[in-house]
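Remarks on the structure that follows.
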Amino acid sequence: MIRFVLNVLWLIFGGGIVLAVGYGIAALICFVLVVTIPFGVAALRLANYSLWPFGRTLAPRPGAGVASGLANVLWVVLAGWWLALSHVVAGITLCITIIGIPFGIANFKLVPAAFWPLGREVIDTP
């Protein structure tokens, strides 16, 4: 029940909708450039995760190899740096208030995912 309340508050006050829109824009750009469709799929995965982060985490996907690591380098250059920067700015802004600290920490938790989204999957935490 607490996770549900935190996720609803995250959508309203934590910037979840704004961050998901940012990931959605990145996904649309990647889908338009046909070669980068795998990046678009990863961006949509992260958009879903940024909408409802409490109670879920990112874990390495079994079977992800060297290609996903090399693709992550390209991702950082194309979209990862500005998405990670948006998480850092939102996290710092939210950590200014005591009530916003959990949401700021959730934003900081999303920074590594914004940099290296390929080769990861969203899983539920027990």
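The values are calculated or read from the model by the stated rules, or taken from the named source; none is laboratory data. Here the structure is a predicted model, which is why all the values come from computation and not from measurement. Counting neighbours? That spans all protein chains shown, and the Cβs are built from the backbone with ideal geometry, glycine included. The protein model used for the area step is the full one, side chains on, heavy atoms only, and it has no ligands, DNA or RNA in it. Shrake-Rupley method; radii C 1.70, N 1.55, O 1.52, S 1.80 Å.
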Check: What FRET efficiency comes out for the pair Ile17/Val111, r = Cβ-Cβ distance, R0 = 22 Å, nearest 0.05?
Finding: 0.75
Check: FRET efficiency for Leu85 and Arg61, Cβ-Cβ distance as r, R0 = 22 Å, nearest 0.05?
Finding: 0.30
Check: Can you pull the percent of the chain's accessible area that's carbon plus sulfur, 1.4 Å probe, other chains left in place?
Finding: 82
Next item on the list: Any chance you could give the angle, 0 to 90 degrees and rounded to 10, that helix 37-51 forms with the longest Cα principal axis of the chain?
Entry: 10
Next item on the list: Please work out the C-alpha center-to-center distance from the stretch 65-102 to the stretch 10-56 and express it in whole Å.
Entry: 11
Item checked: Probe 1.4 Å, protein heavy atoms only - accessible area per residue of the chain in square angstrom -> 55
Note to self: Quick check: the angle from helix 101-115's long axis to the longest principal axis of the chain, C-alpha only, nearest 10 degrees?
What the structure shows: 0
Note to self: How much length would be gained if the chain were fully extended between Val73 and Leu33, taking 0.36 nm per residue of separation minus their Cα-Cα distance, in nm to one decimal?
What the structure shows: 12.7 nm
Next item on the list: Rank these by accessible area, largest first, 1.4 Å probe: Val21, Val111, Val88.
Entry: Val21, Val88, Val111
Notebook entry, point to check: To the nearest 10 square angstrom, how much accessible area does Leu9 have with a 1.4 angstrom probe?
Noted result: 60
Notebook entry, point to check: Say we join alpha carbon atoms closer than 10 Å with springs in a Gaussian network model of the chain; which of Gly15, Gly65, Gly104 then has the biggest fluctuation?
Noted result: Gly65
Check: Treating the beta-carbon of each Lys and Arg as +1 and of each Asp and Glu as -1, no other charges, what is the dipole magnitude of the chain about its Cα centre, to the nearest 20 debye?
Finding: 100
Next item on the list: Using θ = phi - 60° and the Karplus relation 6.51 cos²θ - 1.76 cosθ + 1.60, list the HN-Hα couplings for the stretch 74-89 in order, rounded to whole Hz, with x at every Gly or Pro.
Entry: 5, 4, 4, 5, 7, 9, x, 5, 7, 5, 5, 5, 5, 5, 5, 5
Margin query: I'd like to compare 69-82, 34-47: which one has the highest average count of other Cβ atoms within 10 Å, and what's the full order after that?
Written below: 34-47, 69-82
Margin query: Suppose a student asked you for the relative contact order of the chain, using Cα pairs under 8 Å spaced at least 6 residues apart; what percent would you report?
Written below: 31
